[in-house]
Amino acid sequence: MTSAATLTLELSIIRLLSVAQWHHFAFLVVSMALLGYGASGSFLSSFPSLLRRGPFGLLPRAGALFSVSALLAYIAGNWIPFDLARVSFDRWQILYLFLFYLVFSVPFFFSGLVISSALTHWNAMAGKLYFSDLAGASLGCLLTLGIFGILGGPGTLLFACLLGGLAWAVWGRMKGPRVVFPWIWTGFLVLLLFWQPSWMELRFSPYKSLRVALRFPGARLLETHWNAFSRVDVLESPAARTAPGLSLEYLTALPDQLGLAVDGDQLNAITRFRGEPAGAGELKFLDFLPSSFPYRNLRPRRVLILEPRGGLEVLNALYHGAGEVVAVETNPLIVDLLKTRYREFSGGIYDRPEVRVEVEDGRSYVRRSSASFDFIVFPLAESLGASATGFSGLREDYRLTAEAFRGYLGTLQPGGFLSLHLYLLPPPRGELRLVSTVRRALELEGKRPADHLLAFRTWGTFSLLVKKDPVGPREVEDLKDFCRQMRFDLVHYPGISPGEVNRYNRFPRPIYFESMRDLLREGERFYRRYPFDLSPATDNRPFFHSFFRWKYWEEIYRLAGGKWQILLESGFLVPVVFFLALVLSILFILLPLCFRGRGEGENPGGRRRFAWLLYFTVLGLGFMFLEISLIQKFILFLGHPLYSVSMVIFSLLVSAGLGSRFSIRLDVRSSRRLKLLLPFLCILLVGAAFFYPLILSFFQGSPAFFRWLLTFVLIGALGFFLGMPFPMGIRRAALRGQVYVSWGWCANGCASVLGAILPVLLALTWGFQVVFFLSGLCYLVALWALWKEG
């Protein structure tokens, strides 16, 4: 129950951070949890007198403190003014990040006390205990997926506290039948679940779109809904007006719109409409949007719209006479709102006969569908604030990788177009990363990229059109006429001349034209000299919105007016978190054990100490490298980060628990079995690194249930064997002396804390495939350490 509560708490923090900040920070939360676990082992080793009172002296107290501290940590974390948006100009944010990290490590410290004290008391039963620990944690992963939709974000965290309270009640019952405090606390938590006070409301950044929109006069929040991977808010606000890049030639008011925010950001709108959309006068503003160009001049009949959110692009297609519209939306909450509560307001666009709605990931739909389309649309969904400041730099975006674009191009009919739109954010980086990624996809298809692209910009957006076949003279003339009428600026078409660009919304130099021209001509040479990272996004390195490069940090520092905090945006925040985790790991895990060993003369010396420290260190690194890599690889396959985190951890824990349970049968008095197991694991991981991407790609379009089942099978095949080296090492170390167990536990905990962050740091530069291979290398190093120990 304690393990289930711990994983529920961990996943709820990940989900709440997605809403409060601009990223789920899964690696940060996993690191915080492991810091608490590692510190608990070090604490028990430093104060062995706690264990002399028997298991039921410490276990009820630790269980109680876990449940209470989880709630207090949420309240404290909610009031710590850490805000990712302020990192670039507020130096105090580093201190707030430190406090945030430390506060949320506390409940994991107490749950770790429960597990580590049990393992210490009953180390001969390490396999059974490890299995129970992992089985409970697996249950917590599954519980979280269902509970979010019922209890919401803060309610799910309260549920984790409630599970911890029930575990405390069980410990208390075993200690004595008259213990009543656990039941009083549990009743209080049940009360909070049904009547949440105002101090339980999630506080999130005032710079997120929802908070900004609600500050306008007359704005009000209409309703909020949660599911396992999102929070959706509907609001009325003068700021909730969506018409990205609307031409300044349009001078009439827009129709009424309601705001629709996902995770407190990505603000778009549901547009009021009644009647038949084709040519409707109240929708005239759609003619003035940059996304209307293909409809006006190319007349597509079959249209695929990926993530239409509030449905503006669906209206656009219907207004311009599209015969068939397929809207693929990943979030079922949004579809349900537009089909029920806001059906009349939106004109029932999702119930029209020519519109078909599919609730799934866009790439999965493209992979499984045999249909082909004249036109594929990517509506502009990224918030301007997040795009402008780099908050999305750590977010993996598998919709915008070279492999994804190859799939989209394969779905187009001959002569079909792919339409993509981004906010205009000079100096050019996101816009050029989009061009470079599309360029790579076209080259892999054997095409000359410059002949297949059309690009133009408005006063605030950048539009890229990708044609399956080479662009013809008619399309070029249509684009020139459209831009002249709307006063948009041309950026690229085959044969464009410098005199045709930068006419209406002018820069001192035609930077978009020049940059795109040089990128298409020079490719890699242009990437190398550009101050931002423009290399194509791939499934192996899916950080489309990460642009900073270590090589040019001095130039970026100078351009920012000498403010070092600007470097902490995007991927540059990861080294800071890594350093923070390193300091705290040494402070709370290793140092207490060092002082304890020195004081009691138990500090193991020589080759054997080094060998066991190295063995348990690389086991921690290898397991975490693999876990983080699998989480990232399965995001695309399962459709969302939280699904991936939950399913990967669930599968790993169940299978590793079974492997741990099985390892009880293996004799550890001789190291022969471990010396066979470790190289086998290395071979297994290298094979998985090569074959798993191919398997996932082949089954990407399969039904969701089959993908979840396949995920369990693929990860379970690895996890079963991964669950053996640690408990076998614990049992073998115990034969050498109890002090080796203490050192091994702490070394493994410290390495696991750092191993949750280091893979992201490596993947930002080299991709997750490298991290996968490094996990196999770690188990080879463990084999070497075992030879040294012997």
Which members of the range 403-432 meet the condition of being of a type in the set (Gly, Ala, Ser), under 26 Å from the mean Cα position of the chain (by Cα) and open to solvent by 20 Å² or more (accessible area, probe 1.4 Å)?
407
Just for the range 161-185: of the residues that are without any contact (Cβ under 8 Å) to a residue 60 or more places away in the chain and either in a loop (DSSP other than H, G, I, E, B) or open to solvent by less than 10 Å² (accessible area, probe 1.4 Å) (or both), which one is nearest to residue 115 (Cα to Cα)?
169
Within the range 126-136, does at least one residue satisfy the condition of being more than 29 Å from residue 658 (Cα to Cα) and part of a helix (DSSP H, G or I)?
no
What pairs come out if I take residues in the range 777-790 that are at pLDDT 85 or above and pair them with residues that are of a type in the set (Val, Ile, Thr) and part of a helix (DSSP H, G or I) whose C-beta lies under 6 Å away, six or more apart or interchain?
778/618; 781/618; 782/618
Every residue in the range 309-334 that is open to solvent by less than 10 Å² (accessible area, probe 1.4 Å) and either touching a Cys at 6+ places or on another chain (Cβ under 9 Å) or outside any loop (DSSP other than H, G, I, E, B) (or both), please.
314, 315, 316, 317, 318, 325, 326, 327, 328, 329, 334
Which of (1) outside any helix (DSSP H, G or I); (2) within 29 Å of residue 26 (Cα to Cα); (3) at pLDDT 90 or above; (4) not acidic (Asp, Glu) is the odd one out, the single condition residue 211 does not satisfy?
(1)
If the requirement is being at pLDDT 80 or above, open to solvent by 10 Å² or more (accessible area, probe 1.4 Å), closer than 15 Å to residue 1 by Cα and of a type in the set (A, V, I, L, M), which of these qualifies: 143, 158?
143
Report yes if some residue within the range 557-578 is modelled with pLDDT under 85, open to solvent by 30 Å² or more (accessible area, probe 1.4 Å) and farther than 30 Å from residue 431 by Cβ; otherwise report no.
yes
Please find, among 240, 269, 261, the residue that is touching a helix residue (DSSP H, G or I) at 6+ places or on another chain (Cβ under 6 Å), assigned to a strand (DSSP E or B), buried (at least 21 other Cβ atoms within 10 Å of the Cβ) and small (Gly, Ala, Ser).
261
Inside the range 1-84, counting only helices (runs of 4 or more DSSP H) that do not spill past its ends, which hold 1 or more residues that are surrounded by fewer than 24 Cβ atoms within 10 Å (Cβ to Cβ) and basic (Lys, Arg)?
55-79
Here is a list of conditions, (1) under 23 Å from residue 422 (Cα atoms); (2) open to solvent by 30 Å² or more (accessible area, probe 1.4 Å), and residue 287 meets all of them except one; can you say which number that is?
(2)
Would you check if residue 209 is among the hydroxyl-bearing types (Ser, Thr, Tyr) and free of Cβ contacts under 8 Å to residues at least 24 places away in the same chain?
no
Could you identify the single residue in 131, 216, 229 that is more than 30 Å from residue 56 (Cβ to Cβ) and modelled with pLDDT under 85?
229
Could you check residue 92 against (1) surrounded by fewer than 20 Cβ atoms within 10 Å (Cβ to Cβ); (2) at pLDDT 90 or above and say which number it fails?
(2)
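The values are calculated or read from the model by the stated rules, or taken from the named source; none is laboratory data. All figures in this text were calculated on a predicted structure; none of them were measured in a lab. Positions of Cβ are generated from backbone atoms using ideal geometry, with glycine treated the same way; all protein chains shown enter the neighbour counts. SASA here: full protein model, heavy atoms, side chains in, ligands and nucleic acids out. Shrake-Rupley method; radii C 1.70, N 1.55, O 1.52, S 1.80 Å.
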